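One structure is given below, encoded as structure tokens.
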Amino acid sequence: MNRRQTIPKHLRYTIQDFNEQFATDESCLEHLKEQRFPGGITYCDKCQQDRKHYKITGRPVYSCDHCGTQISPMAGTIFEKSTTSLRLWYYSMYLMASTRCGISAKQIQRETGVTYKTAWRMFRQIRSLLSDSDMQLEGSAVEVDEMYHGGKSKNRRGRPMVGDKQKIPVVGIVERSTEKRSGRVYAVTTPDTKKATVMEVIKEKVLPKSTVFTDDFCIYDDLDRHRNEYRHRRINHSAKVYVMGDVHTNTIEGFWSLVKRGIGGVYHQVSQKYLQSYLDEYSFRYNRRDQGNLIFTSLLRRVSELAAPSAVGDRGMSRA
Ligand SMILES: [Zn+2]
């Protein structure tokens, strides 16, 4: 049975929906324009006020109805300097948003027919939209745990041995889900797992007065020194205790296994340089798991949200 059928109807966005909504480059451009400048209305530098802009036939630009100054909806976005058709960009974004575990640049190449170099570039640009690094976690109960990626020692899943520099530490924090909302996750690579480093991440993301669940690894000791800020509950993993009432770190560990399965299955090997962007992609999807495949819509919104606001004039124009 097709897995997608399990997604409720209002959260479904199929390839047919995509083909209808984005049949041509023009419809993609029109969509982008509407997201960035609804109704074509935006500030005209020359008129120094908001003006209505109209599409110029045959070119990917819109022009001020008063003075004729042109703007490009692609300027300042990930599409800006690309010669690849906008529709292929949209299709690649659809592919990346629609699979459960993400797809590789190689798959984008196969599906779109662009060169591998182009596919890789698109892949990286699209992924750059997925960072939620400015997100503030709001759960009153969170789990914190760390994992280690890479390294050649046999003990891949374990904590690194002294001198085992190839493993990259990642600190993860997840909100416990409540009846009202699904918990979100934040995962970040760190230079090390010193107490101060881990504490810094926690203070940045977790609201004071939250209950923080961790295991008994010593790097979390500092939480006990911040009793006024956090309530710290630990599970004794080294004594092989994994759950005691609500004291466990199963939620964040579930996220780690998702990441590990994905990296193993789709991306094979990940360098330190790209590990963060893989984590961002997994977190982005995890944090929107209730949206069915409307994740694509979130992704489209990110394009405009992250566009450089001032770069809409001719100088920033795309060379189509
Ligand atoms: Zn104008």
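The table that follows gives values for the structure above.
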| quantity | calculated |
| --- | --- |
| Long-range neighbours under 9 Å by Cβ, at least six apart or interchain, first residue without any contact (Cβ under 8 Å) to a residue 24 or more places away in the chain and over 19 Å from Ser27 (Cβ atoms) within the range 46-72, second more than 13 Å from the ligand (Cβ to nearest atom) and outside any loop (DSSP other than H, G, I, E, B) | Lys52/Gly39; Ser63/Lys55 |
| Test result for Arg124, over 29 Å from the mean Cα position of the chain (by Cα), more than 16 Å from the ligand (Cβ to nearest atom), among the basic types (Lys, Arg) and not in a strand (DSSP E or B) | no |
| Residue in the range 109-116 that is within 16 Å of the ligand (Cβ to nearest atom), surrounded by 13 or more Cβ atoms within 10 Å (Cβ to Cβ) and of a type in the set (A, V, I, L, M) present | no |
| Selection status of Arg315, on the phi < 0 side of the Ramachandran plot, in a helix (DSSP H, G or I) and modelled with pLDDT of 80 or more | no |
| The range 11-65 - residue that is β-branched (Val, Ile, Thr) and away from the ligand (no atom under 16 Å from the Cβ) and, of those, farthest from Asp290 (Cα to Cα) | Thr57 |
| Inter-residue pairs, beta-carbon under 6 Å, first over 14 Å from Val174 (Cα atoms) and in the range 244-271, second at pLDDT 80 or above and polar (S, T, N, Q), 6+ apart | Val266/Ser104 |
| Scope the range 191-211; condition of a type in the set (Ser, Thr, Tyr) and touching an Asp or Glu at 6+ places or on another chain (Cβ under 8 Å); matching residues | Thr193 |
| Test for Ser92: is it more than 16 Å from the ligand (Cβ to nearest atom), surrounded by 19 or more Cβ atoms within 10 Å (Cβ to Cβ), closer than 27 Å to Phe284 by Cα and free of Cβ contacts under 8 Å to residues at least 40 places away in the same chain | yes |
| Scan of the range 10-27 for residues that are under 14 Å from Thr297 (Cβ atoms) and either hydrophobic (A, V, I, L, M, F, W, C) or surrounded by fewer than 19 Cβ atoms within 10 Å (Cβ to Cβ) (or both), ordered by number | His10, Leu11, Arg12, Thr14, Asp17, Phe18, Gln21, Phe22 |
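The values are calculated or read from the model by the stated rules, or taken from the named source; none is laboratory data. None of these values were measured; they are calculated from a predicted model. As a convention, Cβ positions derive from the backbone with ideal geometry for all residues, glycine included, and neighbour counts pool all protein chains shown.
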